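The values are calculated or read from the model by the stated rules, or taken from the named source; none is laboratory data. All of these numbers come straight from a predicted model, not from anything done at the bench. Virtual Cβ from ideal backbone geometry, glycine too; neighbours counted across all protein chains shown.
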Amino acid sequence: MRLYGTDIASRLMLGTAQYPSPAVLAEAFRRSGAGIATVSVRREAGGERAGAAFWDLVRGLGVRVLPNTAGCHSVREAVTTAQMARELFDTPWIKLEVIGHADTLQPDPFGLVETARILADDGFQVFPYTTEDVVLAGRLLDAGCEVLMPWGAPIGTGLGLTNLYGLRTLRAQFPGVPMVVDAGLGLPSQAAMAMELGYDAVLLNTAVAKAGDPAAMAEGFARAVEAGRLAFAADPMEPRDMAAPSTPVLGQAFLE
Amino acid sequence: MTRAQVLGAGVAGLCVATELVARGCEVTVHDPAPRPGPHGCSWWAGGMLAPLCEGETAEEPVVRLGREAADWWERQGVRVDRRGTLVVALGRDRSELDRFARRVPEHERLDPGGLATLEPDLAGRFDRALHVPGEAHLDPRAALICLRDRLDRSGVTFATEPGGSADFTFDCRGLSARDVLTNLRGVKGEMAVLRSTDIHLSRPVRLLHPRVPLYVVPRPDGLFMLGATQIESDDRRRSVRSVLELLSAAYALHPVFGEAELVEIGVDARPAFPDNLPRILRRGHTIHVNGLFRHGFLLAPALARMAAEAALEDTQPELMHEDHG
């Protein structure tokens, strides 16, 4: 998988929030083989080096860091947070969240496009957290994004892929664009389904961090992602209504 | 007589000093501040002795070692209320209650009648709740002062300057020990204290919420401690967002908190190791007791006992790390 010119081996990305401890977080990354860690800059910020100890732990995971603008509700907030993230983690990558609705944490499509354009013009490589809306996806690409991150369901809900039709349409509309299903996944089967649809990767946090055994759940997701990707690449059969025996029936005179 | 010096007079240092005195040591406690107060992380604690509830996210040693705490504090003459913990969730977060119940097996389920019996002032506010008996709470500030006074009376010397020699040094400086413990980090916690005479609670109440979990610990004189944020930072600024969240959660627990007096907003950074478990670290004649994270009053008694035994009886307790660095 190639994201902004960088090859990433694993198609699983994990967030770094809400784990019982940094040690459990590290174990979840180890067992999942996740290749990218998202980290929230906003919440831990405040003070020059106040969150440094935790950020050092995240850097110590040995994976690529994708800082995000979680919790930003306006263009200005998101731009400032992105600039801070670029300095802190020395990366042009930014997962852009501009939240438009407090209850569902749904992206603000207008603020998102505006911020994406500002950041892309400023040299950022933007990973926008978006909905499955096809028109919005087109506008984000126009704004300079080369990767899209549509939601499966609202953040932290674990509802899975709530709009299968929308996600299928989005995938079909932009076949060459790397797309990551981000947010709303609760179970590995849902991640497998996203991969079977042809999405390039999945990103999740709560489903792993809040599991009773986060490391085991992380490994479960890793295997599901691999299974789903293999299935997608293997050109799956089409479902059909009529049963077809999988062993040849000999000695039968006529086909029904 | 074994001479021991204890660095730091927070909850860890005072508990260690208490255990050393009990074993007949001559103890000096060094701390730049002469008395317990807002300079120390323990001052801002909730004072819940809730090993079972903590087991929702904490590892097994926290649950097991935490069970010693209530008895230990009572033996020191500290007032300990043993009324268990009440756990509730708002309507649409009811699934949080089921998840919590799975992780904390030693609970009783309460129907509205059971809740009304246990906490009459919360009657009608929740259609179900969990009660975790066998847990306790104390007033952390009163507990620190009580320990400090007892140590004074036992002839322990308190010094605001470092210095002097000893057979053993117990370094209990919390986050200040980062100069020698490089993998110690700060986890910021913000809390608030409210005063209300319109509501009475007999036990700590935990309000489960996917974004803003809250606990309320009742204290004497109509005070209620609201806690606590948990942010990966050693920053010590009290943010508007955190305080808004704490106060909104309290208001959601009971609207009467909207009329309460806002007495105090506190913040400090808890010392934690990467696994969020405390450690006893031995480097020659120095024994570090640190990383108590959000479990200071819960785990300091067990850690103090184990650290004292490690030094004086040369035992190898759990959570002990030999270190020659």
Being over 17 Å from B:THR18 (Cα atoms) and at pLDDT 90 or above is the filter here; which residues of the stretch B:285-325 pass it? B:HIS285, B:THR286, B:GLY291, B:LEU292, B:PHE293, B:ARG294, B:HIS295
Can you name the number of the only condition in (1) within 29 Å of A:PRO22 (Cβ to Cβ); (2) surrounded by 16 or more Cβ atoms within 10 Å (Cβ to Cβ); (3) of a type outside the set (Phe, Trp, Tyr) that A:ASP213 fails? (2)
What number of residues within the stretch B:71-98 satisfy the criterion of being in contact (Cβ under 8 Å) with a residue 40 or more places away in the chain, farther than 21 Å from B:SER202 by Cα and within 14 Å of chain A (Cβ to nearest Cβ)? 2
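Residue-wise test of (1) under 27 Å from A:ALA102 (Cα atoms); (2) part of a loop (DSSP other than H, G, I, E, B); (3) more than 16 Å from the chain's Cα centre (by Cα).
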| site | (1), (2), (3) |
| --- | --- |
| A:LEU136 | yes, no, yes |
| A:GLU146 | no, yes, no |
| A:ALA207 | yes, no, no |
| A:VAL225 | no, no, no |
| A:LEU230 | no, no, yes |
Got at least one residue in the stretch A:134-141 being surrounded by fewer than 16 Cβ atoms within 10 Å (Cβ to Cβ), touching a residue at least 40 places away in the same chain (Cβ under 8 Å) and among the hydrophobic types (A, V, I, L, M, F, W, C)? no
Test B:ARG102 against the criterion of being of a type in the set (D, E, K, R) and either away from chain A (no Cβ under 14 Å) or surrounded by 14 or more Cβ atoms within 10 Å (Cβ to Cβ) (or both), and give yes or no. no
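Per-residue answers, yes or no, for (1) under 14 Å from the mean Cα position of the chain (by Cα); (2) within 13 Å of B:LEU147 (Cα to Cα):
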position	(1), (2)
B:LEU14	yes, yes
B:ALA17	no, yes
B:ALA45	yes, no
B:LEU49	yes, no
B:GLY77	no, yes
Of all residues in the stretch B:155-199, which are surrounded by 13 or more Cβ atoms within 10 Å (Cβ to Cβ), assigned by TED's automatic domain parsing to the domain that holds B:GLY47 and more than 30 Å from A:GLY51 (Cα to Cα)? B:VAL156, B:THR157, B:PHE158, B:ALA159, B:ALA166, B:ASP167, B:PHE168, B:THR169
Got a number for residues in the stretch B:229-253 being surrounded by 20 or more Cβ atoms within 10 Å (Cβ to Cβ) and within 19 Å of B:ASP93 (Cβ to Cβ)? 5
Yes or no: the stretch B:44-51 includes at least one residue that is touching a residue at least 60 places away in the same chain (Cβ under 8 Å), surrounded by fewer than 22 Cβ atoms within 10 Å (Cβ to Cβ) and aromatic (Phe, Trp, Tyr). no
Would you kindly identify the strands (runs of 3 or more DSSP E) lying entirely within the stretch B:213-290 that contain at least 3 residues that are within 14 Å of another protein chain (Cβ to nearest Cβ)? B:261-272
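When you check B:ALA116 against the structure, is it aliphatic (A, V, I, L, M), more than 26 Å from B:HIS295 (Cβ to Cβ) and touching a residue at least 60 places away in the same chain (Cβ under 8 Å), yes or no? Before you say what the answer is, go through the steps one by one.
Numbers: aliphatic (A, V, I, L, M): yes; more than 26 Å from B:HIS295 (Cβ to Cβ): yes; touching a residue at least 60 places away in the same chain (Cβ under 8 Å): no.
In short, no.
Looking at B:ALA136, B:ALA116, can you tell me which residue is within 21 Å of B:ALA252 (Cα to Cα) and hydrophobic (A, V, I, L, M, F, W, C)? First the steps, then the outcome.
Values: B:ALA136 fails: within 21 Å of B:ALA252 (Cα to Cα).
Being within 21 Å of B:ALA252 (Cα to Cα) and hydrophobic (A, V, I, L, M, F, W, C) holds for just one of B:ALA136, B:ALA116, which is B:ALA116.
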Flagged in the stretch B:271-288 as in contact with a helix residue (DSSP H, G or I) (Cβ under 6 Å, 6 or more places away or on another chain), closer than 23 Å to A:PHE54 by Cβ and surrounded by 23 or more Cβ atoms within 10 Å (Cβ to Cβ), in numbering order, are B:PRO271, B:PRO278
May I ask you to say which residue of B:GLY186, B:GLY174, B:GLY227 is at positive phi and touching a residue at least 12 places away in the same chain (Cβ under 8 Å)? B:GLY174
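If I go through the stretch A:142-184 residue by residue, how many of them are basic (Lys, Arg) and surrounded by fewer than 16 Cβ atoms within 10 Å (Cβ to Cβ)? So that I can check it myself, show each step before the final result.
So the first thing to find is which residues in the stretch A:142-184 are basic (Lys, Arg), and the list is A:168, A:171.
With the extra rule that they be surrounded by fewer than 16 Cβ atoms within 10 Å (Cβ to Cβ), the set shrinks to A:168.
Result for the stretch A:142-184: 1.
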Tell me, yes or no, whether the stretch B:231-247 has at least one residue that is hydrophobic (A, V, I, L, M, F, W, C), touching a residue at least 60 places away in the same chain (Cβ under 8 Å) and within 30 Å of A:ASP103 (Cβ to Cβ). no
Show the residue pairs that are 6+ apart or on different chains and have beta-carbon atoms under 7 Å apart, the first residue being within the stretch A:64-78 and under 21 Å from A:LEU3 (Cα atoms), the second being acidic (Asp, Glu). A:ASN68/A:GLU97; A:THR69/A:GLU97; A:ALA70/A:GLU97
Across the stretch B:180-212, which residue is nearest to B:ASP81 (Cα to Cα) among those that are out of contact with any Ser or Thr (no Cβ under 7 Å at 6 or more places or on another chain), more than 14 Å from chain A (Cβ to nearest Cβ) and not in a strand (DSSP E or B)? B:SER202
